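Novice: Here it is, the structure in full.
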Amino acid sequence: QVQVVESGGGLVQAGASLGLSCAASGSIFSINRMGWYRQAPGKQRELVAVITSVGVTNYADSVKGRFTISRDNAKNTVYLQMNSLKPEDTAVYYCNHEIKRGYKGGYYDYWGQGTQVTVSS
C-alpha cells in the first residue's frame with residue numbers, strides 16, 4: 001500500500017504566502033516525478049509545477065516567479081511555496097507522486113486527497 005497525504009492550504013488574502021507539503025509513505029522503491037496540480041470550480045485540473053528526481057522543475061506560466069516547488073527525497077515529500085497569491089489561484093490543490101513499488105515493474109501515479117486554497121481579494 002502507498003499513502004499520499006497533503007497538508008497546508010487554507011484561506012488567505014491576496015498578496016499573502018502559503019505553503020503546501022505532500023508526503024508519500026508505504027511500499028515505495030523509488031519516486032520519479034513529483035508535482036502539484038489544481039482544479040478550480042467548473043474548470044479542468046491543470047498542472048501547477050513538477051520536479052524530477054534530479055531536481056529539474058517546470059511551472060505553469062501563470063505561477064512562474066511566484067511559486068516554488070521543491071522536494072526532500074529522504075522524506076518522500078514534495079513542497080509548494082506560494083507567494084504573491086492572487087484570487088485566481090483559488091482552487092483545490094492536488095499533489096502527485098510517480099512511484100515504483102518494487103525492483104520490477106513500472107512507475108504509477110499516486111494522488112493526494114486534495115487541499116483547498118482560497119485567496120480573497
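The values are calculated or read from the model by the stated rules, or taken from the named source; none is laboratory data. Here the structure is a predicted model, which is why all the values come from computation and not from measurement. Positions of Cβ are backbone-derived with ideal geometry, glycine not excepted, and every protein chain shown enters the neighbour counts. The protein model used for the area step is the full one, side chains on, heavy atoms only, and it has no ligands, DNA or RNA in it. Shrake-Rupley method; radii C 1.70, N 1.55, O 1.52, S 1.80 Å.
Novice: State the number of residues belonging to segment 1-59 that are of a type in the set (A, V, I, L, M), under 22 Å from Ser121 (Cα atoms) and part of a loop (DSSP other than H, G, I, E, B).
Specialist: First, the residues of segment 1-59 that are of a type in the set (A, V, I, L, M): 2, 4-5, 11-12, 14, 16, 18, 20, 23-24, 28, 31, 34, 40, 47-51, 54, 56.
After this cut, where a residue has to be under 22 Å from Ser121 (Cα atoms) as well, the list is 11-12, 14, 16, 18, 20, 40, 48.
Subsequent filtering for residues that are part of a loop (DSSP other than H, G, I, E, B) retains 14, 16, 40.
Selection size over segment 1-59: 3.
Novice: Another question, then. Name the residue, out of Asn76, Asn96, that is touching a His at 6+ places or on another chain (Cβ under 9 Å) and closer than 28 Å to Gln1 by Cα. Talk me through it step by step, then tell me what you get.
Specialist: Numbers: Asn96 fails: touching a His at 6+ places or on another chain (Cβ under 9 Å).
Matching residue, one of Asn76, Asn96: Asn76.
Novice: While we're here: Looking only at segment 62-75, how many residues end up being farther than 20 Å from Gly15 by Cβ and either in a helix (DSSP H, G or I) or open to solvent by 40 Å² or more (accessible area, probe 1.4 Å) (or both)?
Specialist: In the first step, residues of segment 62-75 are kept if they are farther than 20 Å from Gly15 by Cβ; the result is 69-75.
If we keep only those that are either in a helix (DSSP H, G or I) or open to solvent by 40 Å² or more (accessible area, probe 1.4 Å) (or both) too, we end up with 70-75.
Looking only at that region, the number is 6.
Novice: For residues that are acidic (Asp, Glu) and free of Cβ contacts under 8 Å to residues at least 60 places away in the same chain, scanning just segment 78-121, find the one that is surrounded by the most Cβ atoms within 10 Å (Cβ to Cβ). Outline the logic, then answer.
Specialist: Just the residues of segment 78-121 that are acidic (Asp, Glu), to begin with: 88-89, 98, 109.
Next, from what is left, pick out any that are free of Cβ contacts under 8 Å to residues at least 60 places away in the same chain: 88-89, 109.
Values: Glu88: 11, Asp89: 22, Asp109: 11.
Among those that are acidic (Asp, Glu) and free of Cβ contacts under 8 Å to residues at least 60 places away in the same chain, it is Asp89.
Novice: Got a number for residues in segment 3-29 being more than 20 Å from Met82 (Cβ to Cβ) and either open to solvent by 40 Å² or more (accessible area, probe 1.4 Å) or modelled with pLDDT under 95 (or both)? Show your work before the answer.
Specialist: Residues of segment 3-29 more than 20 Å from Met82 (Cβ to Cβ): 3, 24-29.
Now narrow it down to the ones that are either open to solvent by 40 Å² or more (accessible area, probe 1.4 Å) or modelled with pLDDT under 95 (or both): 3, 25-29.
Total meeting the criteria: 6.
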